[in-house]
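Just so it is clear, none of the values below were taken in a lab; they were calculated from the coordinates. Since the model is a prediction, treat every value here as computed from it, not as a measurement. As a convention, Cβ positions derive from the backbone with ideal geometry for all residues, glycine included, and neighbour counts pool all protein chains shown.
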Amino acid sequence: MRVDRSESTAVFEQVAAEIRRAILDGEARPGERLPPAKDLAAELGVNANTVLRALRLLRDEGLLEFRRGRGVSVAGTPERTAVLTAARELIDVARRHGYRREELLRMIETLP
């Protein structure tokens, strides 16, 4: 893993991209635990808070799972993330048009 401080991309986004790539390449598989944030930070030469921000981003994407007392583990694949992203976008569109989550779920359940 590496971070390029001369790049215009934020450091936390670079860290997230490196972890995302490791998952995509199969270096980190669903269910595997990641090293602690402080260890990743030391390896990359960045602040632990930067790593934590990247990990939270990947958690929000559905790639990582945080478990109290168990650390951070790989929750899914980029394909799962794509589905979760599309689902969030659908929920956003439904909300903008006045539909509640329950109504949206009923609509989805009636689809073939």
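Does Arg67 fit the bill of being under 28 Å from Ala86 (Cβ atoms), loosely packed, with under 13 Cβ neighbours inside 10 Å, of a type in the set (D, E, K, R) and without any contact (Cβ under 8 Å) to a residue 40 or more places away in the chain? Yes; evaluated as a whole, the condition is true for this residue. The residues of the range 27-79 that are in a helix (DSSP H, G or I) and over 14 Å from the mean Cα position of the chain (by Cα), listed by number, are Ala37, Lys38, Asp39, Leu40, Ala41, Ala42, Glu43, Leu44, Ala48, Asn49, Thr50. Look at Arg95 and say whether it is part of a helix (DSSP H, G or I), surrounded by fewer than 13 Cβ atoms within 10 Å (Cβ to Cβ) and either among the basic types (Lys, Arg) or in contact (Cβ under 8 Å) with a residue 60 or more places away in the chain (or both). In short, yes.
Within the range 4-53, the set of residues being surrounded by 17 or more Cβ atoms within 10 Å (Cβ to Cβ), more than 18 Å from Thr77 (Cα to Cα) and either touching a Cys at 6+ places or on another chain (Cβ under 6 Å) or of a type in the set (A, V, I, L, M, F, W, C) (or both) comprises Val11, Phe12, Ala37, Leu40, Ala41, Leu44, Val46, Val51, Leu52.
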